[in-house]
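Q: So that we are looking at the same thing, I have put the structure below in structure tokens.
Taken together, the values in this text are just the output of simple stated rules run on the coordinates, not laboratory data. This one's a predicted model, so the numbers in the text were calculated from it and none came from an experiment. Here the Cβ positions follow ideal geometry from the backbone for every residue, glycine too, while neighbour counts run over all protein chains shown.
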Amino acid sequence: MQEGRTLLLPAAVAWALLVPCLESCGGDASRAQAAISDRPPSVAASGVTAPPSVELSASQVDTIRVAPAALHSFPVEMTEIGSVAFTEDPAIVQAESTLLGAAATLELTRKELERARVLYGTEGVSARELEQATSDEQTAAAALAAARIALHALGKSDAQIDDLIAAGKVDAPPGARGGTQWVEVNVAESDVSDIHPHQPVEVTVPAYPGRVFKGSVYRIYATVDPSLHRQTVRCEVADPRHELSPGMLSTVTIALRPPIQALAIPANGVVREGDGTMTAWVTTDRRRYTQRIIEIGLTEDGEVQILAGVHPDELVVTDGAIFLDNIINAVPSD
């Protein structure tokens, strides 16, 4: 004996067969039609799948919160772990001292060379002494060039180096003259192109929870750590009470560009489906809700940027989206 087989009919055919039966049996055709249409997603005669929708009962309406989709300000920033640095980088102090020494030596050797040339013309010195003076001057020039390169690598410009040589001394850094402090952060080399001097900076430290120290990017070092592939960014931060001490661990947030004004909805209104798509729910009457596939962008302060799928001022679910999603995904009971 063959096993029984179940014949599956298309919904339209099943309905065509069911209606006459209901009418002959005194059944409620409209109730049957509602039962079928409530099984999402519905398929129109054209074969296009309609968006899933849910109509709540009066007792369920209060479980959902809605609000118009509106613009939100999304900051474009980078956050890294850094540390409070010394008043001036010891490496920079050493490099500047080396530069001044090399500049002084070059000036001295040039005078000696000029003197040797004059004396050689009057046979006051030998050719060997002139050659030695020439060699000394070339060595001093090479040392000064190397010192300049070292300062370039630490972020000093040619104009700053020339001013330093002209002054003949290392000036006190800006942080030593007022209520400011230095904070350094190592940034991935792939992100350095987004950082520029004078960009706003916010710094927090565990020692002062809730406190935000504001400042700006001061210098971007030219060298990259070959082992970590990170580059040092030095920030000048306001510290009028002198609360920041060298060595403190810090969290540094750099504002890369002005904030973006974009359409957004609360994160509680966004649902990630099993296939990875993101959805939200919209309504016009706060009773019937329709699911939308959306594209999202930035996330900040509990708000999610909407790139597509929702229009400005549309009523969207801000709390309870998971509840609606569970309704349409619930397995029908036998």
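Q: Calculate, in nm to one decimal, what ASN268 and SER57 gain on full extension: separation in residues at 0.36 nm each, minus their alpha carbon distance.
A: On the way: separation 211, 0.36 × 211 = 75.96 nm, distance 2.16 nm.
Going from the current span to full extension adds 73.8 nm.
Q: Need the list of aspartates and glutamates near LYS169 for cross-linking: C-alpha distance under 19 angstrom, and skip anything on the same chain fewer than eight residues off.
A: List returned: GLU88, ASP89, GLU96, GLU107, ASP158.
Q: Kindly state, to the nearest 0.05, the FRET efficiency for HIS196 paired with ALA146, given R0 = 35 Å and r defined as their beta-carbon distance.
A: So the FRET efficiency works out to roughly 0.80.
Q: Can you put ILE64, ILE328 in order, fewest other beta carbons within 10 Å first?
A: Arranged by neighbour count, lowest to highest, ILE64, ILE328 become ILE328, ILE64.
Q: Starting from the Cα-Cα distance between LEU130 and ALA166, subtract it from 0.36 nm times their residue separation and give me the gain in nm to one decimal. Display every interim value, and only then the final one.
A: Numbers: separation 36, 0.36 × 36 = 12.96 nm, distance 2.83 nm.
So the extension gain works out to 10.1 nm.
Q: If amide hydrogens are placed 1.01 Å from N in the peptide plane, which non-local residues have theirs closer than 5 Å to the one on GLN199?
A: Sorted by chain and number, the residues that satisfy this are VAL217.
Q: For region 65-80, take each phi angle, set θ = phi - 60°, evaluate the Karplus expression 6.51 cos²θ - 1.76 cosθ + 1.60, and give the result in whole Hz per residue in order, putting x for glycine and proline.
A: Going residue by residue, I get 10, 10, 7, x, 5, 9, 6, 9, 8, 9, x, 9, 9, 10, 10, 9 Hz, with x marking Gly and Pro.
Q: Let me ask something else. Considering only the other residues whose Cβ falls under 15 Å of the Cβ of GLU189, what net charge follows from Lys and Arg at +1 and Asp and Glu at -1? Could the numbers behind the result be given before it?
A: Working: positive: ARG230; negative: GLU80, ASP191, ASP194, ASP225.
That works out to -3.
Q: Okay, next question. Enumerate the calculated ³J(HN,Hα) couplings along region 301-312 in order (Karplus 6.51 cos²θ - 1.76 cosθ + 1.60, θ = phi - 60°), each rounded to whole Hz, writing x wherever the residue is Gly or Pro.
A: Taking θ as phi minus 60°, the curve returns 6, x, 10, 10, 5, 9, 8, 6, x, 9, 9, x Hz for region 301-312.
Q: Residues in region 239-268, backbone N under 12 Å from the label point at LEU71 (7 Å along the Cα-to-beta-carbon vector): list them, ranges by number please.
A: Only 260-264 pass the distance filter.
Q: Using the Cβ atoms and a cut-off under 11 Å, what net charge is assigned to the surroundings of HIS72, where Lys and Arg are +1 and Asp and Glu are -1? Write out the running numbers ahead of the final one.
A: On the way: positive: none; negative: GLU300, ASP301, GLU303.
Result for the local shell: -3.
Q: How much net charge surrounds ILE254 when only other residues with a Cβ under 11 Å from its Cβ are counted (Lys, Arg +1; Asp, Glu -1)? List each step's numbers first, then the result.
A: On the way: positive: ARG257; negative: GLU77, GLU80, ASP191, ASP194, GLU202.
Computed value for this residue: -4.
Q: Which aspartates and glutamates have a Cα less than 19 Å from the Cα of LYS111, not counting those fewer than 8 places away in the same chain?
A: Within reach: GLU123, GLU129, GLU131, ASP136, GLU137.
Q: Given H placed 1.01 Å from N in the peptide plane, which residues other than close sequence neighbours of LEU154 have an amide H under 5 Å from its amide H?
A: ALA222
Q: So, R0 is 35 Å and r is the distance between the beta-carbons of THR299 and ALA222; what FRET efficiency does that work out to, to 0.05? Provide the component values of the computation, followed by the final result.
A: Working: r = 34 Å, r/R0 = 0.97.
With a Förster radius of 35 Å, E is 0.55.
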